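Quick notes on the structure that follows.
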Amino acid sequence: MFYIGIDLGGTTIKVGLVDENYTIVQTAVGPTLPERGAEAVLKDTADLCFEVLNKQGISVEDIDSIGIGSPGMAIPKEGIIKHANNLKFDNVDVRGILNKHIDLPVYVDNDANVAGLGEVICGAAKGKNSAIVVTLGTGVGGAIILDGKIFGGAFFGAGEIGHTTIRFGDGRQCSCGRTGCWEQYASANALISDAKEASEKFPHTKMIAIANGIENINAKIVFDAIEAGDETAQDVLNQYLKYVAHGVTNLINVLQPEIVVIGGGVSAQKEKLTDPIKTFVQEEMYGGLKLDTEITYATLGNDAGIIGAAFLAKYL
Ligand SMILES: [Zn+2]
């Protein structure tokens, strides 16, 4: 039996054929072009599904189900996308439209949620019953897995951990309308802007030379400069990881999961990222108690979304 996992993004539709060992065996990719409307986008999505079937030499009968990760909010069991800005989708019956072209059960969930599920199924949180997967990217995304299932909330919008605040009153402005949101301090974008700001203030920093100009500084440059012994970069990273740890501690205080997985491009830094976070979280633990929650980095990278989506039907 095979499973189809789809990453339905605002720019690209990625379809993956996944086998029972959680391996992506075939992929097909196409442009989303959301301005065409849902019918056209989902017709192309169905075509991409047939493309992976043809590549593998199998048919619809060999597929268990289709799972889709999409931006925004979805009703997983009904296969409906309630709202997705990037796709220009509002209350779209994804299952109904896809079923005009391909006759398979279809489930949909938020993209961060299915990526988190992927890490629980066969990645860093494999075998864990409760996990929070924190994605440090443009913003801070989150997936909350409780009792082995995605916790979507009563109205399908849970897990927006990036929009919990870590500073009240004079915090940084967030796109959500609040100020002081965690993602304004803990996203990869925040690390980059903090590093650029520090480079302007301390122009002797090696970050500028390594990046070949302040404007080229990215998250990896910060780690590279630290390797080269740069103190400004070290200060920037320490402050950043304290912000990350502050929010992680909040999550642990609320949910006390078995594991917190840190994902996003910056997770490629592995222990250089997670070791200081563990230290800072331990310092903030309730009443000085020992930190029991494991903190680690994501291992599936970009495959997490496809794999998690593919097996969504089994974890609803
Ligand atoms: Zn916010």
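Here are a few things to note about the model shown:
- Near the amide H of Phe151, within less than 5 Å, lie the amide hydrogens of Ile144, Ile145, Leu146, all on another chain or at least 5 residues away, with H placed in the peptide plane.
- Calculated FRET efficiency, Asn250 to Asn91, Cβ-Cβ distance, R0 = 45 Å: about 0.85 to the nearest 0.05.
- Cα→Cβ-extended label distance, 7 Å offset, between Asn238 and Leu289, nm: 2.9
- For the stretch 130-144, 3J(HN,Hα) per residue [Karplus equation, 6.51 cos²θ - 1.76 cosθ + 1.60, θ = phi - 60°, Hz, x = Gly/Pro]: 10, 8, 10, 9, 9, 9, 8, x, 4, x, 10, x, x, 10, 10
- Diffusion coefficient (Stokes-Einstein, Kirkwood radius over C-alpha pairs, 37 °C, 0.692 mPa s) for the stretch 111-267: 201 µm²/s, rounded to a whole number.
- Neighbourhood net charge (11 Å Cβ-Cβ; Lys/Arg +1, Asp/Glu -1) for Glu119: +1
- All-pairs Cα distance distribution in the chain, expressed in whole percent, bin size 20 Å: 32, 53, 14, 0
- Greater than 21 Å apart at Cα, pairs in Lys55/Lys77; Lys196/Lys220; Lys14/Lys126: Lys55/Lys77; Lys14/Lys126
- Less than 5 angstrom separates the built amide H of Ala298 from those of Ile262, Gly263, all sequence-distant by 5 or more or on a different chain.
- Of the DSSP H helices in the chain, those with a Cα length along their own long axis of 18 Å or more and a mean Kyte-Doolittle hydropathy reaching -0.5 comprise 38-56, 231-255.
- Rolling a 1.4 Å probe over the protein chains gives Glu258 an accessible area of about 80 Å².
- Gained length - Ser175 relative to Phe50, 0.36 nm times residue gap less alpha-carbon distance: 41.2 nm
The values are calculated or read from the model by the stated rules, or taken from the named source; none is laboratory data. Worth saying up front: this structure is predicted, and the values here are computed from it rather than measured. Ideal geometry is used to build each Cβ from the backbone, glycine not excepted, and the neighbour counts take in all protein chains shown. These accessible areas exclude ligands, DNA and RNA; they are computed on the full protein's heavy atoms, side chains included. Shrake-Rupley method; radii C 1.70, N 1.55, O 1.52, S 1.80 Å.
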